[in-house]
Structure formats: C-alpha cells, structure tokens
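**Q** Sharing a structure here in structure tokens format.
The values are calculated or read from the model by the stated rules, or taken from the named source; none is laboratory data. Bear in mind the structure is a predicted one, so any value in this text is a computation, not a measurement. Reconstructed Cβ throughout: ideal geometry from the backbone, glycine too, with neighbour counts over all protein chains shown. For the accessible areas, the whole protein counts, side chains as well, though only heavy atoms, and no ligand, DNA or RNA atoms are used. Shrake-Rupley method; radii C 1.70, N 1.55, O 1.52, S 1.80 Å.
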Amino acid sequence: MIYIEPKILDRINAWLTPTFDDDTQAFIKDSIANNPKDIQESFYKDLEFGTGGMRGVMGVGTNRINKYTLGKSTQGLSDYLHQSFPNENLKVAIAYDCRHNSKTLAKVVADVFSANNIEVYLFEDLRATPELSFAVKHLNCHCGIVLTASHNPPEYNGYKVYWQDGGQLVPPHDNAVIQVINDLDYADIKFEANNNLIHYIGKDVDDVFIDASVKNGSGSASQEAKDNIKIVFTSLHGTSITAVPETLKRAGYKNVHIVKEQEVPNGDFPTVASPNPEEPAALKMALELANEVGADIVIGTDPDCDRLGVAVRNSENKLQLLNGNQTMLMMTDFLLKQWKSEGKIKGKEFISSTIVSTPMLNKLAEAYSVDSKIVLTGFKWIAKLIKDFPELDFIGGGEESFGFMVGDFVRDKDAVTSTLLACEIAAHSKAIGSSFYNELIKLYVAHGFYKERLVSLTKKGIEGAEEIKQMMVDARENPLTVVNGSKVVKVEDYQLSITKDMITGKETTIDIPKSNVLIYYTEDGSQIALRPSGTEPKIKFYISVNDTLESVEAFNSTEAKLESKIDAILKDMKLN
C-alpha cells in the first residue's frame, strides 16, 4: 500500500464533499484504493499559471484540468473583473481548440461568467488562438479566454487569459487574479448559467480577422510571383484549418496543397507522435507531399495555430526545416525592408524578441536604425511592450520557439498572418531569382552567422519537478566558470535580477520582471541559457554561437564549424 501524505490526503478529502459531483467522488474513492500514486499526482499541488497560462493533464484533482479547477479560475477572474471595472457592462470572449473536452469546458467557463452577470461571446466551434486575441479588441471585451494546451500531448488541456488589449495576462493583473482565485473555495463557484448573456459568434468575426491578416501579412510579392510558387500546408489536426487556407486564398495564393490526412481536427493527433512544428517528425507527411508536387515552401502549425514550422528549398534544392530563430530573422528583416521602402521608419519604431532567442535580432535593429526590446520568454511580454510604449510603433517580433507576431492588430503570436508572411517572402525571393534560403544566408553575410540549438530534458511527475528545481539550484550555487575552454565573462540571473561581471565581480540590476532563467556569456561570444519550461515538465538549455560569414559560398563550411562548436559545448556540459 502506497503511503499518502496527510497534507495531500486533506486535499483529497475536501473533494469528497457535496460541493463535488457524484462521479468525481466515486472516481477519487476508486483511485485511493487502486491507484494511490496517480491520485497523489493529481492532488499534490494546484495548477499554476506559467508562461502560457494554466496547462495540465485533464482529470480529477487540484493538479488537473477539470470543470472545478477551470470553474474556480473563472470565478476568481469574474470577481476580479467586477473589482477592476465597477459599474461597467462586462464582456468576455471565449475560444477553444481541437482538444478533447475543449468544447465542453469552454461552455462551463461561459456558464460561470454568465452566472456572474458577465456577457459572453463564445465561438460556435474551434478557432485559432490569434483570432481570440483579435476578437477581444474587435468586440471591445474586457477579457478573453482560450481553451488550449498548444502542442502538448493529447491528455493535456489548458486555459489562457487575455486582457482588454488582446494580450495575455501580465503584471499587475496576473498576480492579483491569482490571489483572488487562491482566496476562493470551490463552493464559491457559480455554475448556473444565464444563457441570455451567452452569444455565439463565428463567421462574422472570421471575416474581419482574415481580412486584417491579409492586410498585415501581405508584402511586395506580385500576383505573378504568387502564381509561380507552390505551397504545402498542414494544420496537424488543429484549428488553423479554419483560417489559414482562406487567408492564403484571399491574399491571392492559388497553388496551396493541404495534407489531407491531417486536415480534419482531431485531439488524438493520430498521424504524429507530437503535434509540435518544432519537431521534424511532425512535418514528415507535409515534406513527402511537397516532394511529390515540387513545392517551394512547407508550413505546419501547432493545434491552436499560434506557432509555425517552415521548410524551404536549400542551395541543393532539398527541403530543409528552418529553426524558429531563422524564421524570425527572415520575417523581421522582410518587414523592416518593407517599412523602410515605404518611408515609415522615422526613429520611433521597434522590434522585439526574448532573452533566449538569437542575439542576431539586435544586429538587424542596428542596421535599420530601430529599437530592439528584449523581454522574458512568452509573447505576453512582447504584447505588454506595445501597451507600455504607446509612443512607439511595433513592426514585428518573435521568439525561438517558432512564434511570430506581425504588427499589433493581434497581441499574441499568430501563425495565420505569419504563414502568409512566410509565403510572401518565398514568392518575392523566387521572383527576384533568389530563394528564401539564399536570402537567409545573405543575412548571415551582412550581420554575422549566429547558430542556435535547443536541448530539452523531460522530467515528469513530483520527482521530476524536484530534479529540475535542484538543477537550477546547483547552477546558481556552482556557476560555470569555463565552457568548452572559453572563460565565462558574464552571468545573468533573472530570478535574482542580477548581472555579474565574472572578471571584475561587479553586479548590476536587471530591470525586467523576475524569472527562473540563467544565462552564461563566454569570452568567445557563446551564450548558454538554462530555463525550466513554464508549460511542460522540462528544463531547457539554449546554446548560441557565432562567427563571421565571408561569403554565400562559405556558408556550408562555416555552418559545420559552428555545429561542431555547439556539439563540443554540449559534451563539455554533459548534455549529449
């Protein structure tokens, strides 16, 4: 018999009361008798808001996604909205993705809002996350919710909160909302819907959003250039099928081949091990189709359509997957060129990225005389910049984890508009006798060749969480002094908000919110960042190295040199 700690048992017993339905109580009793380890995992803590909101395995318990954990969050959010906007007619928008139970849970969330006298605009069926961000502003809502677990495995679901500006919840609202939620009992949840306050939305919002995506994602590609490019697209069984094909069509792209086997939304994601466009295996079927039809570009999106993976033809005419940094650099440079050619760069524009993304973005900013603002991981921080600096114009920004945002009409990463933008780059490049890939190499020649790699270690469960925690403690208490023979010259600790010069010992303050991230800088220009994931049971290591690239012809040899350097760093850190 597995021993259950008294603290966890108290949590479990609280759910064996009339506040919770009979099925929930019966499941708990059975689990105590037959699956005590699982029930401990389900109750040992509360689900927390991370970089992407609240995300977890669906099931019974305080550490699971269910009607009670979402109901409590929604009740707390309802109370906070009434506190924040007294005497206003409150409105919220709700969307959901293809995950199991998403539609049912979205209705539970709508019911709780309406029971608290808040008007609800609920999408009639699954929709892309960027459309929810857009809808919040378009419908003048005070807040928005999307039910999604992004690219997590099928057993997961999640709950992301958006504020009035269409961006995700950030300080001071995030901590204030969490406090209100924590002060509630499950018995305080109002589940009885006022259906008069629930309105279903769909095509009316779709049309406005898609038109806005076409406007913001279109570049200088002519119709002839668009006709001369072949695109393969896969939604990986997710929500993007509701928006991307129509966006490309309205933008004038006719040669779009959709991976039929992955076209129908399905929360089991039956054709992939993981619906994550960061992983090459997820785009295997799309790449096979692209080779059949001779496509120039392949694009796949994650289930809630906020991130995209891109493959293009390399110098040997073979399809090659780009990483998130490469896609971000190409999109940002294309937008900067466009703004410059239109005379729109006047000294009050900015681009943005995150502390674990490629440092090369700063080089682009310098070249075009715009500001570059670097923030914590998570697009909520990029969206916050737009609100914090209303006097500046946001051009675009991205992060290494395959997300990009074009302009400020959507305030979150947006794979709908970004897919169109990627196709514009491919079409324009081909029309001038070049290619997407060749234009990327030219960027490296102009600004320096920056090469990055991400290594993730998965550590599941209670033990895994403790192991990740200890790894970060060890890294702080015993910081690296040399990496691959190169001296560590600077360490940034975002949890302590301190930058330390390892040569002089001088410490300076980091003026951005705290986060559990460490970044080492070495004498030879390499960077190594350590960061526990906010949404998955993983610790991530981000490696960045760089060198000059003398010519396009020298690309392959220089890339091989940089790859070997990363391999050596990983070996030195015992990560390979």
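**Q** Within region 97-115, how many residues are more than 26 Å from Val272 (Cα to Cα), open to solvent by 10 Å² or more (accessible area, probe 1.4 Å) and in contact with a helix residue (DSSP H, G or I) (Cβ under 7 Å, 6 or more places away or on another chain)?
**A** Qualifying residue count for the region: 1.
**Q** What pairs can you find where one residue is in region 405-423 and within 13 Å of Gly166 (Cα to Cα), the other is part of a loop (DSSP other than H, G, I, E, B) and basic (Lys, Arg), and their Cβ atoms are less than 7 Å apart, with a gap of 6+ or different chains?
**A** These pairs meet every condition: Met405/Lys413.
Every residue, every condition in (1) at positive phi; (2) open to solvent by less than 60 Å² (accessible area, probe 1.4 Å); (3) out of contact with any helix residue (DSSP H, G or I) (no Cβ under 7 Å at 6 or more places or on another chain), yes or no:
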| position | (1), (2), (3) |
| --- | --- |
| Ser486 | no, yes, yes |
| Val489 | no, yes, yes |
| Asp493 | no, yes, no |
| Lys500 | no, no, yes |
| Glu523 | no, no, yes |
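**Q** Taking the conditions exactly as written (aromatic (Phe, Trp, Tyr), farther than 29 Å from Phe379 by Cβ, open to solvent by less than 20 Å² (accessible area, probe 1.4 Å) and under 32 Å from the mean Cα position of the chain (by Cα)), does Phe43 satisfy them or not?
**A** Yes; evaluated as a whole, the condition is true for this residue.
**Q** Could you list, ordered by first residue, the pairs with Cβ atoms under 8 Å in which the first is in region 274-301 and in contact (Cβ under 8 Å) with a residue 40 or more places away in the chain and the second is of a type in the set (Val, Ile, Thr) and open to solvent by 40 Å² or more (accessible area, probe 1.4 Å), at least 6 apart or interchain?
**A** Here the result reads Met285/Thr271, each pair linking region 274-301 to a residue that is of a type in the set (Val, Ile, Thr) and open to solvent by 40 Å² or more (accessible area, probe 1.4 Å).
**Q** Hey, which of the strands (runs of 3 or more DSSP E) in region 28-123, taking only ones fully inside, have at least 2 residues that are in contact with a His (Cβ under 8 Å, 6 or more places away or on another chain)?
**A** Correct list: 91-96, 119-123.
**Q** Quick check on my filter: what residues within region 528-548 are more than 19 Å from Asn478 (Cβ to Cβ), part of a strand (DSSP E or B) and either open to solvent by less than 30 Å² (accessible area, probe 1.4 Å) or modelled with pLDDT of 95 or more (or both)?
**A** Residues satisfying the conditions are Lys540, Tyr542, Ile543, Ser544, Val545, Asn546, Asp547.
**Q** Output the number of residues of region 556-567 satisfying the condition of being surrounded by 16 or more Cβ atoms within 10 Å (Cβ to Cβ) and within 30 Å of the chain's Cα centre (by Cα).
**A** Qualifying residue count for the region: 4.
Residue by residue, here is whether (1) at pLDDT below 95; (2) in contact with a Leu (Cβ under 9 Å, 6 or more places away or on another chain) holds:
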{"site": "Ser434", "(1), (2)": "no, no"}
{"site": "Tyr437", "(1), (2)": "no, yes"}
{"site": "Tyr444", "(1), (2)": "no, yes"}
{"site": "Tyr450", "(1), (2)": "no, yes"}
{"site": "Val455", "(1), (2)": "yes, yes"}
{"site": "Asp474", "(1), (2)": "yes, no"}
{"site": "Thr499", "(1), (2)": "no, no"}
{"site": "Thr508", "(1), (2)": "no, no"}
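**Q** Tally the residues that are more than 23 Å from Pro359 (Cβ to Cβ) and either outside any helix (DSSP H, G or I) or under 24 Å from the mean Cα position of the chain (by Cα) (or both), restricting the search to region 433-470.
**A** Final tally of qualifying residues: 12.
**Q** Separate question: Which of the residues belonging to region 369-403 are open to solvent by less than 30 Å² (accessible area, probe 1.4 Å), out of contact with any Gly (no Cβ under 7 Å at 6 or more places or on another chain) and farther than 23 Å from Arg531 by Cβ?
**A** Val370, Ile386, Ile395
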